[in-house]
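Asker: Here it is, the structure in full.
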Amino acid sequence: MDERGEHRKFSDLAKYVRKSPPWWAYILPILALLTVDYFLIGSLYVVIFGILGSYLLVIALDSLFFVITRFSFPFRRIIFLDFTSLLIWNLFFWVIYFLHVFQSYEIAIMISISSTALLRILIFFIYYSDNIIKSTIPALNYTFSSIVALTVIFRDYYVLVPFILSSIVYVIAGFIFIKSTTKGFAREYGESPTKLIKFFLNYQNESSENKIGERFFKRMYRSKRTVPVKVIDIRRSNGTRKVLLVFPYIHPGPFGTLGSSDLPARLQSRLNDLGSDLMVFHTTTTNSNNCSGESDIDSISNAVRRSLDHMEYVTTMSRFKKLSVGKIAIGILKFGDFGIGSIIPEKISFDDVSLKEGLKLIHSVEKSTLKNFAPIDAQNYFHERAPELHDCSTLSNAFIREFSKLPSKYPAKIGYGHVAPSMPDLASVGIQALVFDTGDKLNTIVLTDSNNITREAIKACEEKLKELVSSVEIYTTDNHYVNAGTLNINPLGIAGNLSEISDYVYAAVNKAIQNTEEVSVGMATEEAQVRMGDENAFQKLIGSVFASLKTAKYSIIITISSSVALSVLMFRFLVTFV
């Protein structure tokens, strides 16, 4: 696979799937199409009652069909599909008209409209792949509506035979195209690609119709693996728990509530009896380290419980220190003889850090410097299509050197704050903040329950907090829950609501400052057995998807050209004999 292909993500597919515009956005384009048609045909009657009439009728037929079949196909999507059909056949009509393929514009219109069946079968087969009749009927709805609208005007019933047959030719060509371009994927993963696309398009977090997605991801993430689960327990002076920091070395994806996505909330619900909030950090993992489902979350939560049985507590800490190692920024924080180290894409962009590299860092630091060490991926400073980081060789010596020099000499005084606003790019755990008081300085680490955060949002928060704390680090849980219903990453701040975000972050940090107190801090590691993907399993999936798209790119040319040629021949010869 080429270098570009090695870093492809589901978000790269976003250019193939876009949200449909509102209905009023089509008014001017439709008027433009009808105006051109009028100048070519010269009949306002045909344009209004034939062309516009058939377009409005197909919208009605499609809407009625989905009501009768009780299938979820939003009206906005219907409008978009039918406008695209109108646009395609108009472009085809103009080509035929100017090439003088047929002398009669009635036949030119009919042959052009029949071509819409190809586009429509490609769409509807995705939704009704288990029922050929259900996918064929709506694919021919434009043909049906045109039979009603146009033959009443033209009264040339002899063209109906080639018109219907031409439409059927396009439907058959569409079936062949779909089967030929998806057979490789189906053979590789044992699932129908069209059913999977239907699942992705109509996915809902709480839907009971997600079985195909669950089955697919369980098949994809099925390799048994033992991973570390590191836990930091922060307790008040009276022995009660203030907050629990959890570092599970699995990835919180793929999206929605599938696999190990929405990991913070799912762990919190299993561990509520521990009497405190959990801060679930994004560790050095990639999409290949997504897990198969509920049993894996249970395994992680059980590891967290076991870790509490052998905590070793200290009452000192260091200051938070941030530095650059080449082009990569790192942050370190030490408690007694253990600590955490963050890998930050502030200067050079990357999205996710290899689990293999993270485990190497743990081994080297724990072997030489610290009793316990948790490396994390800050997952911030969002950059579209950033590659994964697969080489941390330069960071190992840096972590060892800096932790060796960093004194843990300050009394552990820590505050914790939490707010949970309702925002589309923020999952249910919301925004959490830790404040570290070293006497003359207050440093804070903020954790947002989101899939990354934009550079602009970080800057807005830094500006908001500059009078409150000495420094602020904003990390994210990389929670793929907020990706549900979209192929895009949807990072916090992408919608431009920077003032609102910074206000909530300020509130969380301020709460943490208000309850800053002397604490004891313990850390322990347990192992959990989970099912996750093989190394590069996610890239293999993306590669298969793009391979199908590449095949489709070439085969669609053959499909369209052969279908058009056969359609033209049918109108040429059948009209003569009918």
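The values are calculated or read from the model by the stated rules, or taken from the named source; none is laboratory data. On a predicted model such as this, the values are computed, not experimentally measured, just so you know. We place every Cβ from the backbone using ideal geometry, glycine too, and count neighbours over all the protein chains shown. Ligands, DNA and RNA are stripped out before the accessible areas are found, and what is left, the full protein with its side chains, is counted by its heavy atoms. Shrake-Rupley method; radii C 1.70, N 1.55, O 1.52, S 1.80 Å.
Asker: Among (1) crowded, with 20+ Cβ neighbours inside 10 Å; (2) assigned to a strand (DSSP E or B), which single condition is E518 missing?
Answerer: Checking E518 against (1) crowded, with 20+ Cβ neighbours inside 10 Å; (2) assigned to a strand (DSSP E or B), the one that fails is (1).
Asker: Let me ask you something else. Hey, R155 hits all of (1) among the basic types (K, R); (2) open to solvent by 20 Å² or more (accessible area, probe 1.4 Å); (3) modelled with pLDDT of 85 or more but one; which does it fall short on?
Answerer: Against the list (1) among the basic types (K, R); (2) open to solvent by 20 Å² or more (accessible area, probe 1.4 Å); (3) modelled with pLDDT of 85 or more, R155 comes up short only on (3).
Asker: Applying the selection to region 323-348, what residues are in a loop (DSSP other than H, G, I, E, B) and open to solvent by 10 Å² or more (accessible area, probe 1.4 Å)?
Answerer: Those that are in a loop (DSSP other than H, G, I, E, B) and open to solvent by 10 Å² or more (accessible area, probe 1.4 Å): G326, K327, G336, D337, E346, K347, I348.
Asker: Here are A139, A173: which of them is more than 17 Å from I109 (Cα to Cα), open to solvent by less than 10 Å² (accessible area, probe 1.4 Å) and under 44 Å from the mean Cα position of the chain (by Cα)?
Answerer: When all the criteria are applied, what remains is A139.
Asker: Filter region 252-281 for residues that are more than 15 Å from G430 (Cβ to Cβ) and among the hydroxyl-bearing types (S, T, Y) and give the result.
Answerer: If the condition is that a residue be more than 15 Å from G430 (Cβ to Cβ) and among the hydroxyl-bearing types (S, T, Y), then T257, S260, S261, S276 are the ones that fit.
Asker: So which residues in region 69-107 are β-branched (V, I, T), in a helix (DSSP H, G or I) and modelled with pLDDT under 90?
Answerer: Initially, region 69-107 is screened for residues β-branched (V, I, T), giving 69, 78-79, 84, 88, 95-96, 101, 107.
Filter once more, keeping what is in a helix (DSSP H, G or I): 69, 78-79, 84, 88, 95-96, 107.
Answer for region 69-107, where residues must be β-branched (V, I, T), in a helix (DSSP H, G or I) and modelled with pLDDT under 90: T69, I107.
Asker: Also, quick follow-up: May I ask you to say which residue of K347, K371, K356 is among the basic types (K, R), under 21 Å from G493 (Cα atoms) and out of contact with any helix residue (DSSP H, G or I) (no Cβ under 9 Å at 6 or more places or on another chain)?
Answerer: Among K347, K371, K356, only K347 is among the basic types (K, R), under 21 Å from G493 (Cα atoms) and out of contact with any helix residue (DSSP H, G or I) (no Cβ under 9 Å at 6 or more places or on another chain).
Asker: Say we look at region 227-249 and pick out the residues that are open to solvent by 10 Å² or more (accessible area, probe 1.4 Å) and part of a strand (DSSP E or B); which of these is farthest from Y475 (Cα to Cα)? Break it down into steps so the answer makes sense when it comes.
Answerer: Step one: filter region 227-249 for residues open to solvent by 10 Å² or more (accessible area, probe 1.4 Å), giving 228, 235-242.
When the remaining residues are screened for being part of a strand (DSSP E or B), the result is 228, 235-236, 241-242.
Details: P228: 21, R235: 23, R236: 24, R241: 23, K242: 20 Å.
The qualifying residue farthest from Y475 (Cα to Cα) is R236.
Asker: Criterion first (of a type in the set (S, T, N, Q) and either free of Cβ contacts under 8 Å to residues at least 60 places away in the same chain or in contact with a strand residue (DSSP E or B) (Cβ under 6 Å, 6 or more places away or on another chain) (or both)) does S324 satisfy it?
Answerer: yes
Asker: Here's another thing I want to ask about it. Under 20 Å from M523 (Cα atoms) and crowded, with 21+ Cβ neighbours inside 10 Å, is that true of D351?
Answerer: Answer is no for this residue.
Asker: Does region 84-94 contain at least one residue that is in contact with a Gly (Cβ under 7 Å, 6 or more places away or on another chain), closer than 22 Å to T559 by Cβ, open to solvent by less than 20 Å² (accessible area, probe 1.4 Å) and aliphatic (A, V, I, L, M)?
Answerer: no
Asker: Among the listed residues D296, D277, identify the single one that is open to solvent by 10 Å² or more (accessible area, probe 1.4 Å), touching a residue at least 40 places away in the same chain (Cβ under 8 Å) and either acidic (D, E) or within 23 Å of I489 (Cα to Cα) (or both).
Answerer: D277
Asker: Do you know which residues across region 48-68 are of a type in the set (F, W, Y), under 16 Å from I126 (Cβ atoms) and at pLDDT 90 or above? Break it down into steps so the answer makes sense when it comes.
Answerer: First, pick out the residues of region 48-68 that are of a type in the set (F, W, Y): 49, 55, 65-66.
Keeping just the survivors that are under 16 Å from I126 (Cβ atoms) gives 65-66.
Within region 48-68, F65 is the sole residue that qualifies.
Asker: Given P411, P407, which one is over 33 Å from the mean Cα position of the chain (by Cα) and under 18 Å from N515 (Cα atoms)? Reasoning before the result, please.
Answerer: On the way: P407 fails: under 18 Å from N515 (Cα atoms).
Exactly one of P411, P407 is over 33 Å from the mean Cα position of the chain (by Cα) and under 18 Å from N515 (Cα atoms), namely P411.
Asker: Here is a further query. Considering only residues that are of a type in the set (D, E, K, R) and assigned to a helix (DSSP H, G or I), look in region 447-467 and name the one that is nearest to E346 (Cα to Cα).
Answerer: If we take residues in region 447-467 being of a type in the set (D, E, K, R) and assigned to a helix (DSSP H, G or I), then R455 is nearest to E346 (Cα to Cα).
Asker: Now, a different point. Report, by residue number, each residue of region 488-512 that is touching a residue at least 40 places away in the same chain (Cβ under 8 Å), open to solvent by 40 Å² or more (accessible area, probe 1.4 Å) and within 18 Å of V469 (Cβ to Cβ).
Answerer: Scanning region 488-512 gives Y504, Y506, N510, K511.
Asker: Of the residues that sit in region 312-322 and are part of a strand (DSSP E or B) and modelled with pLDDT of 95 or more, which one is surrounded by the most Cβ atoms within 10 Å (Cβ to Cβ)?
Answerer: Taking region 312-322 and keeping what is part of a strand (DSSP E or B), we get 312-314, 316-317, 321-322.
Narrowing the set further to residues that are modelled with pLDDT of 95 or more leaves 313-314, 316-317, 321-322.
Values: Y313: 15, V314: 16, T316: 16, M317: 24, K321: 17, K322: 15.
The extreme case among them is M317.
Asker: Another question, then. Out of K464, K441, which single residue is in contact with a Ser or Thr (Cβ under 8 Å, 6 or more places away or on another chain), modelled with pLDDT under 95, open to solvent by 40 Å² or more (accessible area, probe 1.4 Å) and among the basic types (K, R)?
Answerer: Numbers: K464 fails: modelled with pLDDT under 95.
Among K464, K441, only K441 is in contact with a Ser or Thr (Cβ under 8 Å, 6 or more places away or on another chain), modelled with pLDDT under 95, open to solvent by 40 Å² or more (accessible area, probe 1.4 Å) and among the basic types (K, R).
Asker: Being assigned to a strand (DSSP E or B) and of a type in the set (A, V, I, L, M) is the filter here; which residues of region 415-444 pass it?
Answerer: Scanning region 415-444 gives V419, M423, L426, I431, A433, L434, V435, L442.
Asker: Turning to a different aspect of this structure: How about region 375-411: which of its residues are at pLDDT 95 or above and assigned to a strand (DSSP E or B)?
Answerer: Listed by number, the residues that qualify are P375, I376, D377, Y410, P411.
Asker: If the Cβ limit is 6 Å and pairs must be 6+ apart or interchain, which residue in region 55-74 that is under 14 Å from A139 (Cα atoms) and free of Cβ contacts under 8 Å to residues at least 12 places away in the same chain pairs with which residue that is part of a helix (DSSP H, G or I) and not acidic (D, E)?
Answerer: Close Cβ pairs satisfying both conditions: none exist.
Asker: Here's a follow-up. Filtering region 269-290 down to residues that are in a helix (DSSP H, G or I), out of contact with any Phe, Trp or Tyr (no Cβ under 6 Å at 6 or more places or on another chain) and of a type outside the set (S, T, Y), which residue is farthest from I234 (Cα to Cα)?
Answerer: Just the residues of region 269-290 that are in a helix (DSSP H, G or I), to begin with: 269-270, 272-274, 287-289.
Retained after the next criterion (residues that are out of contact with any Phe, Trp or Tyr (no Cβ under 6 Å at 6 or more places or on another chain)): 269-270, 272-274, 289.
Imposing the further condition that a residue be of a type outside the set (S, T, Y) reduces the set to 270, 272-274, 289.
Details: R270: 19, N272: 16, D273: 16, L274: 12, N289: 28 Å.
Here the answer is N289.
Asker: Any idea which of D351, D298 is in contact with a Lys or Arg (Cβ under 8 Å, 6 or more places away or on another chain) and part of a helix (DSSP H, G or I)?
Answerer: Only one candidate passes the filter, namely D298.
Asker: Moving on to the next point. Any idea how many residues of region 354-368 are under 17 Å from L333 (Cα atoms), open to solvent by 20 Å² or more (accessible area, probe 1.4 Å) and touching a residue at least 40 places away in the same chain (Cβ under 8 Å)?
Answerer: 0
Asker: Report yes if some residue within region 402-414 is surrounded by 24 or more Cβ atoms within 10 Å (Cβ to Cβ), in contact with a helix residue (DSSP H, G or I) (Cβ under 9 Å, 6 or more places away or on another chain) and either of a type in the set (A, V, I, L, M) or on the phi < 0 side of the Ramachandran plot (or both); otherwise report no.
Answerer: The answer is no; no qualifying residue exists.
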